[in-house]
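Accompanying notes for the structure given below.
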Amino acid sequence: MTEPSRAPRSEAHVLGPVSKTPGPVASGPPGLSRRPRPRRIIAVGGGKGGIGKSMVSANLGVALAQSGLNVLLVDADLGGANLHTCLGVGQPAATLSDFLRKNKATLEEVIVPTGVPRLSLIAGAQDALDAANLKYAQKQKLLKTLMGASADYLILDLGAGTSFNTIDFFIMADHGLLVVLPEPTSVENAYRFAKAAFFRKLQQMEAQYGIQDMVESALTTREGSLRTLHDVLAQARRKDPAAAERLERELAAFRIRLVVNQARTDADLNVGTAVASAWKKFFGIEMDDLGAIRYDDEAWRSVRKRRPVLIERPDSPAATAIQRIADRLLALDSNLDPSSP
């Protein structure tokens, strides 16, 4: 399996968590309503195209909006935007590319309604052939602006694959949702995506912990190079035990959340558990299995009608599964809030 490519060292060092400026208090689930900044960012990614990321993003947005939250969906698939189609929204006059090109000064100028109360959309850049290859300054501007977006939940529908832009959006989120089909090729690509995200996270922290050489070794295929987190931490402990302990705690908080889509059999329902177990065994950190979405003809028909299945057939198995996933995310956020009962 190929290793993630090495990012330019200047970008790997500079790009880090963007400052989360406190925003106005907004409504939310129990506990979140008392936070000075109740927002959460959800990024939905995947190792390959055609696995239903946009369907999951759109319906997750509907589920959270129906819970009484203000939700902003952002089509961050900069090379093949289609989230508006999943919502039955016509091609908006202004898209993300207008903001990036400075045709629109603020993000609010490219936000459009979806027809679902409390759910808004920023459509993806469809008119620019180079949109998928954001320059570093453009990416930083977009990341910083999205962090300050006025919404209870911000959902980023990412492009397929492991480009640096896609991975950086994924790891900046509070919840990185990785969508996978119960098929060998999709599972392999999902594992590759998770591995790329993990090592990209390491790259962003390497200067802080003085582990540049260790990360460099982990990203090569040379014989004798570091292969896993266990290897990196073992070498870091020999160099600086206290720093290695802090690094281990920080990496333990890196939790990818898995969603299995189009599960057809009972065995398919257990794919998420198997992937999470293999990830824990190899990397030594947890991966959360949020659940599986059953293959459902109603979901397929809803896509054909350009309607979210939670709106078209809220009683269908697919809609019920997505609602459960939304409830689990809300529960996670309530549990993480120190002010919650």
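The values are calculated or read from the model by the stated rules, or taken from the named source; none is laboratory data. Quantities reported herein were computed from a predicted structural model and do not represent experimental measurements. We place every Cβ from the backbone using ideal geometry, glycine too, and count neighbours over all the protein chains shown. Just so you know, the surface numbers come from the protein's heavy atoms only, side chains and all, with ligands and any DNA or RNA stripped out. Shrake-Rupley method; radii C 1.70, N 1.55, O 1.52, S 1.80 Å.
Restricted to the stretch 288-329, and to residues that are touching a strand residue (DSSP E or B) at 6+ places or on another chain (Cβ under 9 Å) and of a type in the set (Asp, Glu), which residue is farthest from Ala194 (Cα to Cα)?
Filtering the stretch 288-329 for residues that are touching a strand residue (DSSP E or B) at 6+ places or on another chain (Cβ under 9 Å) and of a type in the set (Asp, Glu), the one farthest from Ala194 (Cα to Cα) comes out as Asp296.
Here are some residues: Gly47, Gly61. Which one is closer than 27 Å to Leu100 by Cα, in contact with a strand residue (DSSP E or B) (Cβ under 9 Å, 6 or more places away or on another chain), at pLDDT 95 or above and crowded, with 22+ Cβ neighbours inside 10 Å?
On the way: Gly47 fails: at pLDDT 95 or above.
Among Gly47, Gly61, only Gly61 is closer than 27 Å to Leu100 by Cα, in contact with a strand residue (DSSP E or B) (Cβ under 9 Å, 6 or more places away or on another chain), at pLDDT 95 or above and crowded, with 22+ Cβ neighbours inside 10 Å.
Looking only at strands (runs of 3 or more DSSP E) that fall completely inside the stretch 70-188, which ones have 3 or more residues that are aliphatic (A, V, I, L, M) and either free of Cβ contacts under 8 Å to residues at least 24 places away in the same chain or crowded, with 21+ Cβ neighbours inside 10 Å (or both)?
Fully inside the stretch 70-188 and qualifying: 71-76, 119-122, 153-158, 175-180.
Is it the case that the stretch 231-240 has a residue that's open to solvent by less than 80 Å² (accessible area, probe 1.4 Å) and closer than 24 Å to His175 by Cα?
Within the stretch 231-240, none of the residues are open to solvent by less than 80 Å² (accessible area, probe 1.4 Å) and closer than 24 Å to His175 by Cα.
Specify the residue that is farthest from Ile155 (Cα to Cα); the eligible residues are those in the stretch 197-217 that are of a type outside the set (Ser, Thr, Tyr) and in contact with a Gly (Cβ under 9 Å, 6 or more places away or on another chain). Explain how you work it out, then say what you get.
First pass over the stretch 197-217, keeping only residues of a type outside the set (Ser, Thr, Tyr): 197-208, 210-216.
From the residues that got through so far, the ones that are in contact with a Gly (Cβ under 9 Å, 6 or more places away or on another chain) too are 197, 204-205, 208.
Values: Ala197: 18, Gln204: 23, Met205: 25, Gln208: 29 Å.
Checked the stretch 197-217; the qualifying residue farthest from Ile155 (Cα to Cα) is Gln208.
Taking into account only those residues within the stretch 237-279 that are among the charged types (D, E, K, R) and within 19 Å of the chain's Cα centre (by Cα), which is nearest to Ala43 (Cα to Cα)?
Looking at the filtered set, the residue picked out is Arg257.
Hand me the list of helices (runs of 4 or more DSSP H) wholly inside the stretch 247-341 holding 2 or more residues that are among the aliphatic types (A, V, I, L, M), closer than 21 Å to Lys48 by Cα and without any contact (Cβ under 8 Å) to a residue 24 or more places away in the chain.
271-283
Which residue out of Glu286, Glu312 is open to solvent by 10 Å² or more (accessible area, probe 1.4 Å), of a type outside the set (S, T, N, Q) and under 22 Å from Asn82 (Cα atoms)?
From the options Glu286, Glu312, the qualifying one is Glu312.
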